[in-house]
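So the structure is just underneath, and the comments pick up after that.
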Amino acid sequence: MKTTRSATLTANLRGAVTLCSAMMFFSAGLLAQESTVVAQNAWARPPAPSRDMTGLFLVLENHSAQKRAVVGGSSDAADKVELHEMKNEGGMMRMSPVSQIDVPANGKTELKPGGLHVMLFGLKGKPVEGDTFVVTLKLDI
Ligand SMILES: [Cu+2]
């Protein structure tokens, strides 16, 4: 019989001093229960004035000899968290949900604008530059 375990990663995103008022930058401490996967350099853009969604970008590092994947997420700061990718479809960049984001053994996966990202929908309040929020990412272990 196959046993499935789950682990939760919690990212504490802290506002950092920035000269660019158009973007929010965060430093991230992301801790896994088994500390095999860590996240670095997490940041997000403040949502557009009429929007309640934003993308979260970070680097996932896998310090284990086994392939890992992020399979979902949640946050008290948003109604819904999805894993997304950007794709060029007929000259238009469109984003679509993906079921998981792989992190190779002893490797890393970069989530960045124009590529993979974590999408936050239904943001509570109006986050601004320097704000802090916590996102929990779920691993496939
Ligand atoms: Cu997206």
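Annotations for the structure displayed:
- The number of residues in segment 82-97 being part of a loop (DSSP other than H, G, I, E, B) and buried (at least 16 other Cβ atoms within 10 Å of the Cβ) comes to 0.
- Residues that are in contact (Cβ under 8 Å) with a residue 60 or more places away in the chain and farther than 15 Å from Met53 by Cα, drawn from segment 115-130: Gly130
- Number of the condition not met by Phe57 [criteria: (1) over 18 Å from Asp102 (Cβ atoms); (2) within 9 Å of the chain's Cα centre (by Cα)]: (1)
- If the condition is being within 15 Å of the chain's Cα centre (by Cα), more than 13 Å from the ligand (Cβ to nearest atom) and surrounded by fewer than 16 Cβ atoms within 10 Å (Cβ to Cβ), then segment 103-141 contributes Lys108, Glu110, Thr132, Val134, Thr136.
- Residues of segment 57-99 that are charged (D, E, K, R), more than 21 Å from Gly114 (Cβ to Cβ) and within 14 Å of the ligand (Cβ to nearest atom): Lys80 alone.
- Taking the criterion of being in contact with a Phe, Trp or Tyr (Cβ under 7 Å, 6 or more places away or on another chain) and either surrounded by 15 or more Cβ atoms within 10 Å (Cβ to Cβ) or outside any strand (DSSP E or B) (or both), the residues of segment 61-81 that qualify are Ser75, Ala77, Ala78.
- Odd one out for Pro47 among (1) away from the ligand (no atom under 13 Å from the Cβ); (2) modelled with pLDDT under 85: (1)
- Of the residues making up segment 116-141, those that are under 18 Å from Val71 (Cβ atoms) and at pLDDT 90 or above are Leu116, His117, Val118, Met119, Leu120, Phe121.
The values are calculated or read from the model by the stated rules, or taken from the named source; none is laboratory data. Everything numeric here is computed off the predicted structure, so don't read it as measured data. As a convention, Cβ positions derive from the backbone with ideal geometry for all residues, glycine included, and neighbour counts pool all protein chains shown.
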